[in-house]
Amino acid sequence: MTSFTDSAAMALHLIFSLDSGLMAIVARSLWVSACATVIACALGLVLGAALGVRRFAGRQALLALLNTFLAVPSVVVGLVVYLLLSRSGPLGFLGWLFSFKAMVLAQALLVLPVVTALTRQVVEDAEGLHGEQLQSLGAHPALRSALLAWDERYALLTVMLAAFGRAISEVGAVMIVGGNIDGFTRVMTTAIALETSKGDLPLALGLGLVLLLAVLLLNVLVAAVRRWREQEEGASPALPQLGVSV
């Protein structure tokens, strides 16, 4: 068992020497989370924008269910995906269990409610400001949701960055469906848990520092996006930026 200072020094050495094992885990983590975020955003942005504009029977119940999914633990999502992809499950024929695809699917399902709920709130707020004006111009709900989503593109970009941060920091679901197989499905969070239990603290700490750096960079990007948004809103009113006549 090494001391904290020794572990920190060795962790920094692994990072700055671009240790092949550490870099492989980092690259795999980024790729899994990026793929999951793209899938979740492709679905969540559309669903959220539609929910932000449309009014229908049962909408409040659906929103309550959506908000409930926000609090579902990642291990529960992993368990559901595991049961779906297991040999006796309905999707067992795909053979995805303990694979890259299974991890992407689990993270996408975990992040989807986050993207949908935040997008819905952003678009619904914009609808309250500009919805009547767009309706008076003859814009139907689908067009209104698209126009308002484009007008709030900077806010939605922060939603996507937050979704990526949620995905890359997740551990339970990918541990269950990926199996934490060295060289195949081991990502930063699962490797940190495993290496800590094994006593390999330098590698665990090195991966932890890289993960913290990734989260820091995401926060910097979010702050930059907010600044760009404030500058654009200060330059001209929001509605003319829609750029589409209806």
If you go through region 161-183 one residue at a time, do you hit one that is buried (at least 18 other Cβ atoms within 10 Å of the Cβ), among the polar types (S, T, N, Q), within 18 Å of the chain's Cα centre (by Cα) and modelled with pLDDT of 90 or more? no
Of all residues being among the aliphatic types (A, V, I, L, M) and without any contact (Cβ under 8 Å) to a residue 40 or more places away in the chain in region 83-108, which is farthest from V53 (Cα to Cα)? Just the residue, please. L94
Taking region 32-60 on its own, how many of its residues are part of a helix (DSSP H, G or I) and free of Cβ contacts under 8 Å to residues at least 40 places away in the same chain? 5
Checking V81 against (1) crowded, with 21+ Cβ neighbours inside 10 Å; (2) within 24 Å of A155 (Cβ to Cβ), which single condition isn't satisfied? (2)
Pick from region 1-30 the residues that are in contact with a Leu (Cβ under 9 Å, 6 or more places away or on another chain), part of a helix (DSSP H, G or I) and β-branched (V, I, T): which of them is surrounded by the fewest Cβ atoms within 10 Å (Cβ to Cβ)? I15
For region 9-30, which positions are touching a residue at least 24 places away in the same chain (Cβ under 8 Å), within 20 Å of L194 (Cβ to Cβ) and under 29 Å from the mean Cα position of the chain (by Cα)? A11, L14, I15, D19, G21, L22, A24, I25, V26, R28, S29, L30
Counting just the residues of region 86-138 that are under 13 Å from the mean Cα position of the chain (by Cα) and not aliphatic (A, V, I, L, M), which one comes out surrounded by the most Cβ atoms within 10 Å (Cβ to Cβ)? Q107
Do the conditions hold for Q135, that is, is it free of Cβ contacts under 8 Å to residues at least 24 places away in the same chain and part of a helix (DSSP H, G or I)? yes
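Rundown of residues vs (1) under 14 Å from L30 (Cα atoms); (2) in contact (Cβ under 8 Å) with a residue 24 or more places away in the chain, yes/no style:
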{"position": "L147", "(1), (2)": "no, yes"}
{"position": "R153", "(1), (2)": "no, no"}
{"position": "G165", "(1), (2)": "yes, yes"}
{"position": "S169", "(1), (2)": "yes, yes"}
{"position": "I176", "(1), (2)": "no, yes"}
{"position": "I181", "(1), (2)": "no, yes"}
{"position": "T185", "(1), (2)": "yes, yes"}
{"position": "M188", "(1), (2)": "yes, yes"}
{"position": "L194", "(1), (2)": "no, no"}
Unique residue being closer than 25 Å to E152 by Cα, hydroxyl-bearing (S, T, Y), under 17 Å from the mean Cα position of the chain (by Cα) and surrounded by 15 or more Cβ atoms within 10 Å (Cβ to Cβ) when the list is S33, S74: S33
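The values are calculated or read from the model by the stated rules, or taken from the named source; none is laboratory data. Quick caveat, the model's predicted, so the values are computed rather than measured. Note: ideal-geometry Cβ built from the backbone for every residue, glycine included; neighbour counts use all protein chains shown.
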